[in-house]
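Only one structure is covered here, and it is reproduced in the block below.
The values are calculated or read from the model by the stated rules, or taken from the named source; none is laboratory data. Nothing here was measured: the structure is a model prediction, and the numbers come from that model. Cβ coordinates were reconstructed from backbone atoms using ideal geometry, including for glycine residues, and neighbour counts include every protein chain displayed.
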Amino acid sequence: MNNNFLRLLLNIYTVQKDEYRRWKIDRYADFYRVLPIGGIILVFSLWGWDWVIDSASAMDTLKIRLLMCLVFLLSFAVLFVKTTRTHFYSAVFFVVSLVELHLFILVLRSLRDGFIHGIPGFLYWYIFSPLACLFLPLGVVVVTMLILVLYPVILSYFMHLQGLDLPIYNTIIWPAVITTMFLSYVLDKLNQKLFLTSTENAMLRDYDTLTGVFNRRKLFDIANVLVGNCSVPDEKTSVAIFDIDDFKVINDRYGHLVGDRAIRHIIDIIRSLLRKTDVLGRFGGDEFIMILPGSSLREALNAIERIRNSIESTPLLLDESIKITISVGLTEYCDRDHTFDDAIVRADTALYKAKKLGKNKIILSD
């Protein structure tokens, strides 16, 4: 793949980190659907453990366990909040994890010898919490888990958690947490590779690998949506087809690699002059299509004339200066067009006339 395409792919991967998070949510969607049910089953199963340890206090801990279920369900409802701010989800994950851990500590305090028997119970929160937030940045998960692990230790100094044997706690908890963090790191790296692969596949599906512009299939998908807006009164859309004049001569004289550079050269110029709303795609070979939404034929003519003039005045500089020009056929999508193809036929006919009339011209369709 050429540098333009790799640069476009890299920009998508580095800029759209929220897209990566959303991708992970979609990837684990089925997992997140059943996770609340699994969490509730776990909480009530642990209440059975409360009953075995201290049946006299089990009814008191039931209220706390129910509150844990409620917090658990509310936290997963946050996944459906439409926001692009990862900090919001990170804050929710931190607060919910801390609240759940504190509620669990209250359960242990309510039970007779709860801290003596309940140290392994901490493992549930320290192992399953990272799995519940696979979509968050790994750094957020690691920092949160470290705080959670230290939280009972801090409380033991200020609240005198009777029965919590810190040496045993540290001996059991830290190896498990370190292992979980390592596995989370490995899983995150695998997810990044899968995301990059899926993004690259999407790029290969939608973009031309030589130039980084839309390929023919994606171009027509977008065009069919854009021309649908032409049914709105006063909404104009202009369509242009252009190709490089004497492109075969460039290939024959300088070679196909230079021909590829010539194509990328003019595409870079065109990109610098198009609006963000304009669409550029490769039709085939050295032919490209420009779609200018909201532009009348006269407005489009002015815009494309600037492009034509800029290409003519900016030669490709290699060992020698190679002058490049383009010919353009321009039309406006109108009510009588049944499909985007109808506009393409008119623009292509105008392009043919531009070639016949001496090239390096813009010809309007009849």
(request) Could you give me the residue pairs with C-beta distances under 7 Å whose first residue belongs to the stretch 53-64 and is acidic (Asp, Glu), whose second residue is surrounded by 12 or more Cβ atoms within 10 Å (Cβ to Cβ) wherever it lies, and which are 6+ apart or on separate chains? (result) 54/111; 54/112; 60/110
(message) Quick check on residue 321: is it of a type in the set (S, T, N, Q) and either closer than 13 Å to residue 243 by Cα or touching a Ser or Thr at 6+ places or on another chain (Cβ under 9 Å) (or both)?
(response) no
(message) List pairs: first residue in the stretch 125-150 and closer than 17 Å to residue 72 by Cα, second residue of a type in the set (Lys, Arg) anywhere in the structure, Cβ distance under 6 angstrom, at least six positions apart or on different chains.
(response) 134/24; 135/21; 135/24
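Is it fair to say residue 212 is within 22 Å of residue 299 (Cβ to Cβ) and either modelled with pLDDT of 85 or more or not charged (D, E, K, R) (or both)? Steps first, answer last, please.
Numbers: within 22 Å of residue 299 (Cβ to Cβ): no; either modelled with pLDDT of 85 or more or not charged (D, E, K, R) (or both): yes.
No; evaluated as a whole, the condition is false for this residue.
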(message) Any residue that is modelled with pLDDT of 90 or more, farther than 22 Å from residue 309 by Cβ and out of contact with any Phe, Trp or Tyr (no Cβ under 9 Å at 6 or more places or on another chain) - is there at least one of those in the stretch 258-272?
(response) yes
(message) Tell me the residue from 295, 238 that is in a strand (DSSP E or B), small (Gly, Ala, Ser) and touching a residue at least 12 places away in the same chain (Cβ under 8 Å), please.
(response) 238
(message) Of the conditions (1) over 16 Å from residue 266 (Cβ atoms); (2) of a type outside the set (Ser, Thr, Tyr); (3) modelled with pLDDT of 90 or more; (4) surrounded by 14 or more Cβ atoms within 10 Å (Cβ to Cβ), residue 343 satisfies every one except a single condition; which number is it?
(response) (3)
(request) Note down all Cβ pairs under 8 Å where the first residue falls in the stretch 305-326 and is touching a residue at least 40 places away in the same chain (Cβ under 8 Å) and not assigned by TED's automatic domain parsing to the domain that holds residue 267, the second is basic (Lys, Arg) and not in a loop (DSSP other than H, G, I, E, B), and they're at least six residues apart or on different chains. (result) none
(request) Only residues in the stretch 264-288 that are without any contact (Cβ under 8 Å) to a residue 24 or more places away in the chain count as the first member; pair them with residues that are of a type outside the set (A, V, I, L, M, F, W, C) and outside any loop (DSSP other than H, G, I, E, B), Cβ under 7 angstrom, at least 6 apart or cross-chain, and list the lot. (result) 277/293
(message) Going through 159, 181, 203 one at a time, which residue ends up being out of contact with any strand residue (DSSP E or B) (no Cβ under 9 Å at 6 or more places or on another chain), over 30 Å from residue 278 (Cβ atoms) and at pLDDT below 80?
(response) 159
(request) Within the stretch 305-340, count every residue that is surrounded by 14 or more Cβ atoms within 10 Å (Cβ to Cβ) and among the hydroxyl-bearing types (Ser, Thr, Tyr). (result) 6
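Can you name the residue in the stretch 40-50 that is without any contact (Cβ under 8 Å) to a residue 60 or more places away in the chain and buried (at least 16 other Cβ atoms within 10 Å of the Cβ) and, of all such residues, is farthest from residue 76 (Cα to Cα)? First the steps, then the outcome.
From the stretch 40-50, those without any contact (Cβ under 8 Å) to a residue 60 or more places away in the chain are 40-41, 43-45, 47-48; that's our starting set.
Right, trim to buried (at least 16 other Cβ atoms within 10 Å of the Cβ) and you get 40, 43, 47.
Values: 40: 12, 43: 15, 47: 22 Å.
Among residues in the stretch 40-50 that are without any contact (Cβ under 8 Å) to a residue 60 or more places away in the chain and buried (at least 16 other Cβ atoms within 10 Å of the Cβ), the one farthest from residue 76 (Cα to Cα) is 47.
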(message) Given the condition crowded, with 20+ Cβ neighbours inside 10 Å, of a type in the set (Asp, Glu), more than 26 Å from the chain's Cα centre (by Cα) and under 27 Å from residue 172 (Cα atoms), answer yes or no: does some residue in the stretch 100-112 qualify?
(response) yes
